[in-house]
Ligand SMILES: Cc1cc2nc3c(=O)[nH]c(=O)nc-3n(C[C@H](O)[C@H](O)[C@H](O)COP(=O)(O)O)c2cc1C
């Protein structure tokens, strides 16, 4: 129903407006208890064989919602009804910020892709914390970043603020240094600043006593040497794992009209499927499976998800595939995993 009826209507309109409208629709619908249980019945796949123990947490199934969809933690309770095993909120920054000027989100329909240059638009970490206090049992990842106005030399402070504020309300953390839409952010992926940043957060983590898993989210545009550095950094800083990958700045073999493909920002969806799986495989093989990987990037079918799991991912996440395929995709993946058992 999503692909044949809803999507053609939604895709007529501006993507960012539709995102907010869909949020309102889903929230209103889910206020009716009957609708909520119908959604759960249609999309939920409850089976203990889907459970995964990863970095000390129990996931009810391995299919999560990627960061950026529910940036401000406004809809995670309702979204989990559609069958997600976990929801990653954020990227959040210490202070609220508007992000880049609109228009900043583009559909590339012929490529089943999206280009975005949102620029960490979010209401700030405190607003997110207030919403997370209403969590009804959803496993939450907290994806953290820095404000645009914070220079890279002071970035650690921003990550610390978000880490402290979210600590009691998320199950794992994601350090995002891989978004292409905050100027210079990706320079923090270099070995020295990255090691310093992760060590600082791990120190804080230790101070807390009951430490939380910290993951690092990386770009698909890193070369093999940089990926080898990442493996070393994970080992040295003893963080819990990697999320591979964020959006790409590459624009290869696209079918959509040239005007839209030239938009600045990160490309996600189908054109990313292969590269992100390649990164997962490289990290898994070269590290001898030393740490868990969450695989994300261009999962539009159960087959795409299984390929990421086979390449070494322990869990997967969706964003663009969820927009193009709808919630049935979550169910299809979980069913395909069960079928393999
Ligand atoms: C509109 C949009 C906003 C995003 N915002 C964030 C973000 O704030 N933080 C982040 O780590 N990733 C963000 N992402 C990246 C996704 O989490 C994901 O890593 C990427 O899109 C690749 O997966 P996909 O091909 O399934 O979309 C965003 C992606 C899109 C399309």
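Below is a table of values for the structure above.
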item	result
Selection from the range 237-253 of residues that are at positive phi and away from the ligand (no atom under 16 Å from the Cβ)	238
Meets criteria (over 21 Å from the mean Cα position of the chain (by Cα), surrounded by fewer than 18 Cβ atoms within 10 Å (Cβ to Cβ) and more than 16 Å from the ligand (Cβ to nearest atom)) for residue 263	no
Sole exception among (1) part of a helix (DSSP H, G or I); (2) within 14 Å of the ligand (Cβ to nearest atom) for residue 100, by number	(1)
Residue check for residue 136: surrounded by fewer than 18 Cβ atoms within 10 Å (Cβ to Cβ) and under 25 Å from residue 27 (Cβ atoms)	yes
Residue count, the range 237-253 (criterion: under 18 Å from residue 288 (Cβ atoms) and in a strand (DSSP E or B))	3
Residue identified as closer than 25 Å to residue 82 by Cα, touching a strand residue (DSSP E or B) at 6+ places or on another chain (Cβ under 6 Å) and within 16 Å of the ligand (Cβ to nearest atom) among 138, 174	174
Which listed residue is loosely packed, with under 13 Cβ neighbours inside 10 Å and not in a loop (DSSP other than H, G, I, E, B), from 41, 46, 77	41
Criterion: surrounded by fewer than 17 Cβ atoms within 10 Å (Cβ to Cβ) and free of Cβ contacts under 8 Å to residues at least 24 places away in the same chain - qualifying residue of 126, 192	192
Filter result for the condition that a residue is out of contact with any helix residue (DSSP H, G or I) (no Cβ under 7 Å at 6 or more places or on another chain) and touching a residue at least 24 places away in the same chain (Cβ under 8 Å), over 249, 242	249
Condition check for residue 286: in contact with a strand residue (DSSP E or B) (Cβ under 6 Å, 6 or more places away or on another chain), on the phi < 0 side of the Ramachandran plot and modelled with pLDDT of 95 or more	no
Residue in the range 68-90 that is in contact with a helix residue (DSSP H, G or I) (Cβ under 6 Å, 6 or more places away or on another chain) and within 9 Å of the ligand (Cβ to nearest atom) present	no
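To keep it simple, each residue is scored yes or no on (1) within 14 Å of the ligand (Cβ to nearest atom); (2) outside any helix (DSSP H, G or I); (3) over 20 Å from residue 181 (Cα atoms).
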| residue | (1), (2), (3) |
| --- | --- |
| 225 | no, no, yes |
| 232 | no, no, yes |
| 235 | no, no, yes |
| 255 | no, yes, yes |
| 274 | yes, no, yes |
| 281 | no, no, yes |
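The values are calculated or read from the model by the stated rules, or taken from the named source; none is laboratory data. In this text, all values refer to a predicted model and were calculated from it rather than measured experimentally. No Cβ is skipped: glycine too gets one built from the backbone with ideal geometry, and neighbour counts run over all protein chains shown.
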